[in-house]
Amino acid sequence: MISYLRLEPSATAPVEIAPTALIDESAGEVRIGQGTKICHGAVIQGPAVIGAHCLIGNYAFIRPGSVLSNNVRVGFATEIKNAVIEKNVAIGPQCFIADSAIGQDAYLGAQVRTSNHRLDGKTVSVDIAGERIDTGCEKLGAWIGRGARLGIQVIILPGRIIAPDTLLGPRILVEKNLPSGRYSLKQEIIHKEMTDEANCAGNNGNPDVRAVARGAHQPDRRL
């Protein structure tokens, strides 16, 4: 692993750590690969491993037990805890990735969250090949497959599996395992015409507005 993640110091590809970043090794060692940049305000708590040519964004929080492979991008204020992140993964700002695994080449938009424990306090179960298995884990996040792409504010419930190459549109709540494919929410926007004279206060001098207020009810228009 040391060789693959290029953890040995290199004069040609030095590690860049901002003066305000915090590397906390009070509970374990932090290893950082060649050419990686740790931005202002980031906190990394050991034990943790970050591979080569990664970018850890401003105020990101890498907690103990995390292993990031090469060429991983972590956005502003994202928190990663006890997770395995494979190479070439991009994680957007303000995400929460805990007790999870993310396959290579995956993309996570802003504010993607992996829920890692049940509100009822029971251990987390997973569904594998139609069989429900109790993992015995009080905390377990998600497995996000290789090449998956998750839109902004996707939320994944504990123990769920995102199949490789799956595309999830914004704001989807993943409540069960889904086969590989493209998923999106159906949204309906309703436009209501202004018909109440009370809404026309201050527009008494506008004949067009007064005409709308006096006219018959205008039907809703769905866009």
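The values are calculated or read from the model by the stated rules, or taken from the named source; none is laboratory data. As the structure is a prediction and not an experimental result, all values here were calculated from the model. Heads up, the Cβs are rebuilt from the backbone with ideal geometry, glycines too, and the neighbour counts pull from every protein chain shown. Side chains included, ligands, DNA and RNA excluded: accessible areas come from the protein's heavy atoms. Shrake-Rupley method; radii C 1.70, N 1.55, O 1.52, S 1.80 Å.
For the reader, a short list of remarks on this structure follows.
- Picking from residues in segment 66-90 that are open to solvent by 50 Å² or more (accessible area, probe 1.4 Å) and in contact with a Pro (Cβ under 8 Å, 6 or more places away or on another chain), the one that is nearest to ILE56 (Cα to Cα) is PHE76.
- When the residues of segment 163-182 are filtered to those that are surrounded by 15 or more Cβ atoms within 10 Å (Cβ to Cβ) and outside any loop (DSSP other than H, G, I, E, B), the one that is modelled with the lowest pLDDT is LEU178.
- Failed item, numbered, when GLY35 is tested on (1) open to solvent by less than 40 Å² (accessible area, probe 1.4 Å); (2) in a loop (DSSP other than H, G, I, E, B); (3) under 20 Å from ASN82 (Cα atoms): (3)
- Only one of ILE133, ILE97 that is of a type in the set (Val, Ile, Thr), at pLDDT 95 or above and buried (at least 16 other Cβ atoms within 10 Å of the Cβ): ILE97
Residue-by-condition table, conditions (1) of a type outside the set (Val, Ile, Thr); (2) over 29 Å from GLN187 (Cα atoms); (3) out of contact with any Pro (no Cβ under 6 Å at 6 or more places or on another chain):
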residue: LEU108; (1), (2), (3): yes, no, yes
residue: VAL124; (1), (2), (3): no, yes, no
residue: ALA129; (1), (2), (3): yes, yes, yes
residue: ILE133; (1), (2), (3): no, yes, yes
residue: GLY141; (1), (2), (3): yes, no, yes
residue: ILE144; (1), (2), (3): no, no, yes
residue: GLY147; (1), (2), (3): yes, no, no
residue: ILE152; (1), (2), (3): no, no, no
residue: LEU167; (1), (2), (3): yes, no, yes
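- Contact annotation: residue pairs with Cβ atoms under 6 Å, 6 or more positions apart or on different chains, pairing a residue in segment 154-173 that is within 21 Å of LEU140 (Cα to Cα) and hydroxyl-bearing (Ser, Thr, Tyr) with a partner that is open to solvent by less than 10 Å² (accessible area, probe 1.4 Å) and not in a strand (DSSP E or B), are THR166/ALA148.
- Identity of the residue in segment 100-130, of a type in the set (D, E, K, R) and under 22 Å from LEU168 (Cα atoms), that ends up modelled with the lowest pLDDT: ASP127
- Being open to solvent by 80 Å² or more (accessible area, probe 1.4 Å) and at pLDDT 95 or above is a condition met by no residue of segment 192-203.
- Condition met for GLY103 (among the small types (Gly, Ala, Ser) and under 9 Å from the mean Cα position of the chain (by Cα)): no
- Criterion: under 24 Å from SER10 (Cα atoms) and either more than 16 Å from the chain's Cα centre (by Cα) or charged (D, E, K, R) (or both) - qualifying residue of ILE44, ILE62: ILE44
- Some residue of segment 23-35 being in contact with an Asp or Glu (Cβ under 7 Å, 6 or more places away or on another chain) and on the phi > 0 side of the Ramachandran plot: no
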